[in-house]
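Read through the structure below, which is laid out as C-alpha cells, and then see the notes.
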Amino acid sequence: MRKAWSFLALFVCMVAIAIYTSSTAIEIIATTTGLLCVWLTAKEHIWSWPVGLVNVGCFFVMFWEAKLYADTMLQVFFFILSVYGWIIWLTKREGTKVRPTRKITLRLTFLLSIFLVVMTLLWGYVLQTYTDASIPYADAFIATLSLIAQYLLSSKVLENWLIWIAVDVLSVAMYAYKDLYAVAFLYLIFLFIAIAGYVGWKRALHMEDRRGFLCHNTEQA
C-alpha cells in the first residue's frame, strides 16, 4: 500500500512538471510519459515499454514540427527497439520478473563505436544535403548515440545508462538552443534518473554476481 501511494505521489509530481514546463497538450503527454518511462526503466519494470511507445509517438510529432529530422526518424527506430526490448526483457528471466542485467563485451563496444562514427557522418551528410535541418551533424550524432543507448537498454546491458547520460547532457544543450525549453528541462531530469538507473542496475548486477559466486562455492563444498 505504501508503494502504491509513493508511486501516485511521484506520478502527480510528473504531471505537475509536465504542465508547468509545457505549452501544448502533446508536450504535456510527451513529458509525462517520458518521465514515467525512464523512471520505470530505472526500476527495471516491464511497463516501461508500453509507456515508452506512447512517448515515442508524441516525440515523433514534436521533432517533425521542430525540423529535427534525425530525431524524428529516430522515433521510428525507437518504436522498433521498444517492441524488441519488451520481448527480450520477458525472455531468459531465470526466475526473475525481467531478464538479468549483463555487461557490454569488448567486441560489441568496438562494433558500436564504428557504427557511431559511420552513421553520424552519413546521417549528417544526408540531413545537410537534402533537408533544411538546422544543426545536421550534431542532430545526427545525438540521434545515433541515442539509438545505440536504446539498443543496449533493450538488450538489458548495464552500460546503456552511461550512454544515456552523455545523450542527456548533449540534448539539454541542443534543445535549449532550439528554444524547446520544456524538452530541455525534461532531459535534465532524465540525466538524474539515468545516473540513478546506472547506480541501481550496477548494484543489482553486483548482488546477482555475488549470489552466483556464493551458490557456486556452496555447491563445490
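No lab work stands behind these numbers, since they all come straight from the coordinates. No experiment lies behind these values; they were computed from the predicted model shown. Ideal geometry is used to build each Cβ from the backbone, glycine not excepted, and the neighbour counts take in all protein chains shown.
The table below lists the values:
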quantity: Whole-Å distance, taken between Cα centres, linking segment 74-100 and segment 153-179; calculated: 19
quantity: Angstrom value of the Kirkwood radius, inverse mean 1/r, which spans all Cα pairs in segment 59-127; calculated: 14.7
quantity: Spacing of the two label points (7 Å from each Cα toward its C-beta) at residue 199 and residue 96, in nm; calculated: 2.0
quantity: Neighbour-count ranking [beta-carbon atoms within 10 angstrom, fewest first] of 168, 139, 179; calculated: 179, 168, 139
quantity: Contact order normalised by residue count of segment 34-128, Cα under 8 Å, 6+ apart, percent; calculated: 20
quantity: Along each principal axis, Cα extent of segment 108-158, largest first, Å; calculated: 36, 17, 12
quantity: Contour excess over end-to-end distance, with Cα ends at residue 170 and residue 116 and 0.36 nm allotted per residue; calculated: 17.9 nm
